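**Q** Could you have a look at this structure, given as structure tokens, before my questions?
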Amino acid sequence: MVVGGDAAGLSAASKCKREDPDREVVVYEKGSWVSYAHCGTPYFVKGEVDELTDLLSLSPAEVDERGIELCRNHEVLDVDTEARTVSVAGPDGEFEQPYGDLLVATGAHALTSPVDGTDLVGVHTLHGLDAAAGIRAHLLDPDTDHLADVGGEAFVDRERVERYGAMDPPETVAIVGGGYVGIEMAEAFSTHQCDVHLFQRGAHVLPPFGEAVAERVEAELREQGVRLHLETEVAELTGGEGRVEHLVCTGGTELDTELALVGVGIHPNTELVANEPVETGPGGAIVVDDHGWTGVERVYAAGDCATMEHAVTGEQDWVPLGLTANRAGRAIGSTVAGDPEPVGTIAGTGVLKAFDCEAGRTGIIDPDRAREAGFDPVSETVTAGSRSGYYPGGSATGVTLVADWDSGLLLGGSIVGTDRAAIRVDILATAIEQGATVGELERTDLAYAPPFSPVWDPVLVAAKVLRGSIEEG
Ligand code: FAD
């Protein structure tokens, strides 16, 4: 039995059914949507993706064809791991259901705390397709056929789309939080001609990417007309007649706004097992072993609600991302079907597009975090061309590498630029997962041809410079 019908849950269900077709596989999903891509929602709001249903990997009918019993609009309220039962609330009422093996794949929810006033109409978070449909409806002219615009009624929250569709599009938008969601949505709102203000509590946006990336992304945001308010903490959203009208910061900054997007992080959905002997760890996520097992007989967890082992520290960590959820779910599906497969490790590899700029990060970049993990970090940042200098289309690419001084072990890195910069981070992620040193990275046989890279790829240039620093002591 699987709780949660998205990336982790349906990957597990599909794999298990494929490996063991005679097994009964039931998926309970509390919402209407299943197998959807959160990751595409900023691009749906922007208008680059036409219809919400384009963001589905599998339709309910396709899930059904795989022989999976899919129960949408069924919320699992409680788990009893001793009796091996779950309580479910469905459209026809509540019932108890026994399970053989249980996968908790409940994902996470968007946080709004510590901002007050987030229940006002016009204040959005972006987590799920209904949220995306609501924001897009809010951005378009009231004359639009909003239900048709989101791709027909499908499973969408009709009431939300109609409520926001009836409102005038906002002129000024406030984004609270300069993380992935805030930055991607700044681009989406700008495309709709909004005057976009982005508030970030810390000194820089995108803290996990490090300062070198943040400075370049901030320059791009400003260049594109986004008004950045750094070191500015939003305290409260206020309004009249239940609608947001105003934003107030702790330091006194104020802004009139008709739409606020709060992107201040997410928290894993673990309430289901809160009273069970299941351990929670980093970020409040469920701690699992290398096969996604919680330590409670026949109970597994995967995706945004679970931890994973970090490839650099070997410690449990929580970095909720798409591939992690899909891969862990698939591995658990295989394990439960009788073919044990490890869920793998994570390096926290992430990529992001901010208008014409792109960035990637992996491993451990923050020196304090590296020291906590027992390393003595040393770091270098270089800027190098993305293609041979004489070949058109190249751009300056910034690479930061972090290594351990004693061993030369590569700990982390980030890349920023405009010409295929983000995807270059996969070189670093691979090196980190393989436990490479900076010297080994420098000697890696990367591809070279003028349209793609210079002879010395920016990653190799950075490795060369960092190895030099380590050797000079
Ligand atoms: P979810 O996808 O959240 O699915 C969990 C499901 O469980 C939900 O459908 C929920 O309704 C259901 N559920 C919860 N509780 C219950 C219950 N009690 N009973 C029944 N059902 C329940 N990751 C990337 O790697 N790259 C990206 O570019 C990227 N972009 C993103 C952009 C946005 C706006 C967001 C929000 C996320 C993004 N992510 C990205 C993260 C990625 O989408 C998640 O890591 C991934 O979806 C996690 O999958 P999951 O199955 O663990 O959780």
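The values are calculated or read from the model by the stated rules, or taken from the named source; none is laboratory data. On a predicted model such as this, the values are computed, not experimentally measured, just so you know. Backbone-built Cβ (ideal geometry, glycine too); neighbour counts: all protein chains shown. Heavy atoms of the whole protein, side chains included, go into the accessibility calculation; ligands, DNA and RNA do not. Shrake-Rupley method; radii C 1.70, N 1.55, O 1.52, S 1.80 Å.
**Q** Just give me the residues in the range 34-44 being more than 9 Å from the ligand (Cβ to nearest atom) and not hydroxyl-bearing (S, T, Y), in sequence order.
**A** Once the filter is applied, which keeps residues that are more than 9 Å from the ligand (Cβ to nearest atom) and not hydroxyl-bearing (S, T, Y), the range 34-44 yields only F44.
**Q** Mind telling me which of the residues I423, I427 ends up being aliphatic (A, V, I, L, M), open to solvent by 10 Å² or more (accessible area, probe 1.4 Å) and in contact with a Ser or Thr (Cβ under 8 Å, 6 or more places away or on another chain)?
**A** I427
**Q** When residues of the range 213-229 are filtered for being open to solvent by less than 40 Å² (accessible area, probe 1.4 Å) and touching a residue at least 24 places away in the same chain (Cβ under 8 Å), how many remain?
**A** Going through the range 213-229 one residue at a time, the tally reaches 6.
**Q** Here's a follow-up. Restricting attention to the range 90-126, which residues are within 12 Å of the ligand (Cβ to nearest atom) and hydroxyl-bearing (S, T, Y)?
**A** Residues satisfying the conditions are T106, T125.
**Q** What is the number of the single condition among (1) in a strand (DSSP E or B); (2) open to solvent by less than 10 Å² (accessible area, probe 1.4 Å); (3) over 23 Å from V319 (Cβ atoms); (4) among the hydroxyl-bearing types (S, T, Y) that S453 does not meet?
**A** Single failed check for S453: (1).
**Q** Related question: Residues that are part of a loop (DSSP other than H, G, I, E, B) and within 10 Å of the ligand (Cβ to nearest atom): does the range 288-304 have at least one?
**A** Yes, because at least one residue in the range 288-304 is part of a loop (DSSP other than H, G, I, E, B) and within 10 Å of the ligand (Cβ to nearest atom).
**Q** Please state which of the following conditions H267 fails to meet, knowing it meets all the rest: (1) within 15 Å of the ligand (Cβ to nearest atom); (2) in a loop (DSSP other than H, G, I, E, B); (3) not acidic (D, E).
**A** Among (1) within 15 Å of the ligand (Cβ to nearest atom); (2) in a loop (DSSP other than H, G, I, E, B); (3) not acidic (D, E), the lone unmet condition for H267 is (2).
**Q** Would you mind stating whether A337 is within 11 Å of the ligand (Cβ to nearest atom) and not β-branched (V, I, T)?
**A** Considered against the rule, which asks whether it is within 11 Å of the ligand (Cβ to nearest atom) and not β-branched (V, I, T), A337 comes out as no.
**Q** Would the range 314-330 turn up any residue that is of a type in the set (S, T, Y), touching a His at 6+ places or on another chain (Cβ under 9 Å) and within 16 Å of the ligand (Cβ to nearest atom)?
**A** no
**Q** Ok, one more. In the range 250-285, which residue that is among the β-branched types (V, I, T) and free of Cβ contacts under 8 Å to residues at least 60 places away in the same chain is surrounded by the most Cβ atoms within 10 Å (Cβ to Cβ)?
**A** Within the range 250-285, the match that is surrounded by the most Cβ atoms within 10 Å (Cβ to Cβ) is T280.
**Q** Could you look through the range 16-33, keep only residues that are near the ligand (Cβ under 9 Å from one of its atoms) and in contact with a helix residue (DSSP H, G or I) (Cβ under 6 Å, 6 or more places away or on another chain), and pick out the one that is nearest to K353 (Cα to Cα)?
**A** Among those residues, the one meeting the criterion is W33.
**Q** Oh, and also: Give the number of residues within the range 127-145 that are under 24 Å from L77 (Cα atoms) and either more than 16 Å from the ligand (Cβ to nearest atom) or of a type in the set (A, V, I, L, M, F, W, C) (or both).
**A** Count: 2.
**Q** Which of (1) part of a strand (DSSP E or B); (2) surrounded by fewer than 15 Cβ atoms within 10 Å (Cβ to Cβ) does G468 not meet, given it meets every other one?
**A** Every listed condition holds for G468 apart from (1).
**Q** Same structure, new question: Could you tell me which of the residues P392, P450 is without any contact (Cβ under 8 Å) to a residue 24 or more places away in the chain and more than 21 Å from L221 (Cβ to Cβ)?
**A** P392
**Q** Name the one entry in V351, V402 that is hydrophobic (A, V, I, L, M, F, W, C), assigned to a strand (DSSP E or B) and within 30 Å of K46 (Cα to Cα).
**A** Checking each option against the conditions leaves just V351.
**Q** Could you go through the range 173-189 and let me know if any residue there is within 16 Å of the ligand (Cβ to nearest atom), more than 21 Å from R227 (Cα to Cα) and surrounded by fewer than 23 Cβ atoms within 10 Å (Cβ to Cβ).
**A** Within the range 173-189 (the criterion being within 16 Å of the ligand (Cβ to nearest atom), more than 21 Å from R227 (Cα to Cα) and surrounded by fewer than 23 Cβ atoms within 10 Å (Cβ to Cβ)), the answer is no, since none of the residues qualifies.
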